[in-house]
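Colleague: One structure, pasted below without further comment.
The values are calculated or read from the model by the stated rules, or taken from the named source; none is laboratory data. These numbers were taken from a predicted model, which means no experiment stands behind them. Ideal geometry is used to build each Cβ from the backbone, glycine not excepted, and the neighbour counts take in all protein chains shown.
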């Protein structure tokens with residue numbers, strides 16, 4: 001079983017908007033997730049697309065290092081989440097000398113790709129056969 005993690009920090013997308021895009025790809029196969037993100041209209045889809053592609057490359061490097069065979073068709077998005085990053089506080093001038101605060105929010109996005117565990121699946125199949 002190969003598991004790879006990719007993170008991007010301090011990305012200038014609000015966490016609320018990024019979570020909408022991440023919800024589209026959770027549990028999907030990695031290639032399918034890339035296709036969904038490629039055609040999603042939200043602005044957060046571009047950095048998340050790059051992040052999933054990076055996680056796929058990380059999985060390939062990890063499998064090569066361990067001497068395992070990895071088919072990219074087996075990878076799926078095991079977990080993906082968005083945490084709130086730092087908030088940049090800016091001020092905009094308003095009428096009568098007042099100042100209006102603008103909060104420019106950032107996100108920390110994490111994507112975990114994994115291959116299905118072969119051993120537990122085989123064990124569950126043998127348990128089904130034994131129970132018959």
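Colleague: In this structure, does residue 44 turn out to be at pLDDT below 95, farther than 18 Å from residue 108 by Cβ, under 13 Å from the mean Cα position of the chain (by Cα) and surrounded by 14 or more Cβ atoms within 10 Å (Cβ to Cβ)? Talk me through it step by step, then tell me what you get.
Modeller: Numbers: at pLDDT below 95: yes; farther than 18 Å from residue 108 by Cβ: no; under 13 Å from the mean Cα position of the chain (by Cα): yes; surrounded by 14 or more Cβ atoms within 10 Å (Cβ to Cβ): yes.
Taking the combined requirement at face value, the residue does not satisfy it.
Colleague: Could you say whether any residue in region 116-130 is modelled with pLDDT of 75 or more and closer than 29 Å to residue 16 by Cβ?
Modeller: Scanning region 116-130, I find no residue that is modelled with pLDDT of 75 or more and closer than 29 Å to residue 16 by Cβ, so the answer is no.
Colleague: How many residues are under 30 Å from residue 66 (Cα atoms), in contact with a strand residue (DSSP E or B) (Cβ under 9 Å, 6 or more places away or on another chain) and touching a residue at least 24 places away in the same chain (Cβ under 8 Å) if we restrict to region 1-49?
Modeller: Residues meeting the conditions: 19.
Colleague: Output the residues belonging to region 86-95 that are assigned to a strand (DSSP E or B) and free of Cβ contacts under 8 Å to residues at least 60 places away in the same chain. Give the derivation first.
Modeller: Within region 86-95, the subset assigned to a strand (DSSP E or B) is 86-93.
Within region 86-95, 87, 88, 89, 90, 91, 92, 93 qualify.
Colleague: For region 57-89, give me each residue that is surrounded by fewer than 10 Cβ atoms within 10 Å (Cβ to Cβ) and at pLDDT 95 or above.
Modeller: The answer is 89, and nothing else.
Colleague: For the list (1) at pLDDT below 95; (2) exposed (fewer than 11 other Cβ atoms within 10 Å of the Cβ), I need the number of the one condition that residue 93 fails.
Modeller: It is condition (1) that residue 93 fails.
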